[in-house]
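Reviewing the structure listed below.
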Amino acid sequence: MSIVAAHLRITAWDEKPVSEFEDGSKITRADVTLADGDHGVESGRFASVMFYRPDGTSHYAIVMRLVATLDDRTGTFALSGEGYFDDTTASYAATVVPDSATGQLVGITGACTSDSTHADYPCMPLVVTYELP
């Protein structure tokens, strides 16, 4: 397995409520664009559905597509996973969606994690662990 630690800049975050409840909790949907990556992870986009508790913490599901050059091979691949925000850190863990890769990354397997605080903004750190055929 190979590991890449990258940072991508958040260039757009469009979040809208889906449902809001009397207790202060809500469900939202966000569409996020990432650019200017490093260490081979060039850009990406993800959609997220989040459940916010009344205290502002949340649990969410994400589907993300990344554009990358890994081991001198270029293409795209998708990730699917879930995470949480504990009022300090947004943490995310995902796996590569089977048969989602394009270009020279076809057949990639692996996972991705992110632990991000307000201090990281406007960047999103990602650690991608992968294997190429």
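Just going by the charge dipole of the chain, with Lys and Arg at +1 and Asp and Glu at -1 on Cβ, which of Thr129, Thr102, Gly44 is farthest out on the positive end?
Highest projection toward the positive end goes to Thr102.
What's the local net charge at Gly24, with K and R +1, D and E -1, over the other residues with C-beta under 15 Å away?
Around Gly24, the charge tally is -3.
Using the Karplus equation 6.51 cos²θ - 1.76 cosθ + 1.60 (θ = phi - 60°), what ³J(HN,Hα) coupling, rounded to whole Hz, does each residue of the range 20-28 give in order, writing x for Gly and Pro?
10, 10, 4, 7, x, 7, 7, 10, 10
Could you rank the peptides 111-122, 15-26, 70-81 by their average count of other C-beta atoms within 10 Å per residue, with the highest value first?
Order by mean packing, descending: 70-81, 111-122, 15-26.
For Arg73 and Asp115 in one chain, what is 0.36 nm times their gap in residues minus the Cα-Cα distance, to one decimal in nm? Intermediate values should be presented prior to the final figure.
Numbers: separation 42, 0.36 × 42 = 15.12 nm, distance 2.62 nm.
Taking 0.36 nm per residue and subtracting the Cα distance, the gain is 12.5 nm.
Give me Rg over Rh for the range 49-99, both radii from the alpha carbons and Rh done the Kirkwood way, two decimal places.
1.13
For Leu105, what charge total do you get from the other residues with a beta carbon under 15 Å from its beta carbon, if Lys and Arg give +1 and Asp and Glu give -1?
-3
Which log10 I(q)/I(0) values, to two decimals, does the range 1-66 give at q = 0.17, 0.19, 0.25, 0.28 Å⁻¹ under the Debye formula with one point per Cα?
-0.68, -0.77, -1.01, -1.13
Looking only at the range 18-32, which residues have a backbone nitrogen under 20 Å from a spot 7 Å from the Cα of Asp55 in the C-beta direction?
It comes to 21-28, nothing else.
For a Förster distance of 35 Å, can you work out the FRET efficiency between the beta-carbons of Ser100 and Ser19, rounded to the nearest 0.05?
On the way: r = 29 Å, r/R0 = 0.83.
Taking R0 as 35 Å, the efficiency between Ser100 and Ser19 is 0.75.
Out of the total accessible area of the chain (probe 1.4 Å, heavy atoms of protein only), what percent is carbon and sulfur?
54
What dipole magnitude, in Debye to the nearest 20, does the chain give about its Cα centre under +1 on Lys/Arg Cβ and -1 on Asp/Glu Cβ? Walk me through the numbers on the way to the answer.
Working: 8 positive and 19 negative charges, 63 e Å.
So the magnitude is around 300 debye.
Per residue, how large is the accessible surface of the chain? Use a 1.4 angstrom probe and give square angstrom.
For the chain, the per-residue accessible area is 54 Å².
How long is the chain along each principal axis, judged by its Cα atoms, biggest number first, in Å?
Principal extents (largest minus smallest coordinate, Cα): 51, 30, 23 Å.
The values are calculated or read from the model by the stated rules, or taken from the named source; none is laboratory data. Keep in mind it's a predicted model, so treat the numbers as computed, not measured. Cβ coordinates were reconstructed from backbone atoms using ideal geometry, including for glycine residues, and neighbour counts include every protein chain displayed. Areas reflect the complete protein model, heavy atoms only, side chains present, ligands, DNA and RNA absent. Shrake-Rupley method; radii C 1.70, N 1.55, O 1.52, S 1.80 Å.
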